[in-house]
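Asks: If you scroll down you'll find the structure; I have some questions about it.
We did not get these values from a lab; they are worked out from the coordinates using the rules stated. Please read these numbers as outputs of a predicted model, since none were measured by experiment. Reconstructed Cβ throughout: ideal geometry from the backbone, glycine too, with neighbour counts over all protein chains shown.
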Amino acid sequence: MSCKIFHRCGGCGKKQEFVNSGRFRVNANGNCVDVWLIYRCKKCKHSWNLTIYERTKPGKIPHDLFEAFQANDEDVAEEYGNNMDFLKRNKAELN
């Protein structure tokens, strides 16, 4: 079970609880990729992408991990959702 986190929701316009969607967004930009873990507002389902990798060469990401991101591996999503350093780095308010 992921930690309860709060963030200002762009859909609701106020601080709401966000839940781990268990899904990743992987976006290629030239020779680099960005990887985010997608969280959703518990009330309105507005998305909030938490940065895992930003402007990173795909070869610098462990192959198995990169494949897990692309496959939306729920166990990997859960690991990130319980990683306090990752959450704090993304300015998540923990409860």
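Asks: For residue 5, all conditions in the list (1) of a type outside the set (Lys, Arg); (2) under 15 Å from residue 91 (Cβ atoms); (3) surrounded by fewer than 15 Cβ atoms within 10 Å (Cβ to Cβ) hold save one; what is the number of the exception?
Replies: Just one mismatch for residue 5, condition (3).
Asks: Out of all the residues in the range 49-80, which are of a type in the set (Gly, Ala, Ser), surrounded by 12 or more Cβ atoms within 10 Å (Cβ to Cβ) and either more than 28 Å from residue 11 (Cβ to Cβ) or in contact with a helix residue (DSSP H, G or I) (Cβ under 8 Å, 6 or more places away or on another chain) (or both)?
Replies: Residue satisfying the conditions is 68 alone.
Asks: Hey, any hits in the range 22-34 for a residue that's charged (D, E, K, R), surrounded by fewer than 15 Cβ atoms within 10 Å (Cβ to Cβ) and within 14 Å of the chain's Cα centre (by Cα)?
Replies: Among the residues of the range 22-34, not one is charged (D, E, K, R), surrounded by fewer than 15 Cβ atoms within 10 Å (Cβ to Cβ) and within 14 Å of the chain's Cα centre (by Cα), which makes the answer no.
Asks: Go through (1) on the phi < 0 side of the Ramachandran plot; (2) crowded, with 16+ Cβ neighbours inside 10 Å and name the single condition residue 44 misses.
Replies: Residue 44 satisfies every listed condition except (2).
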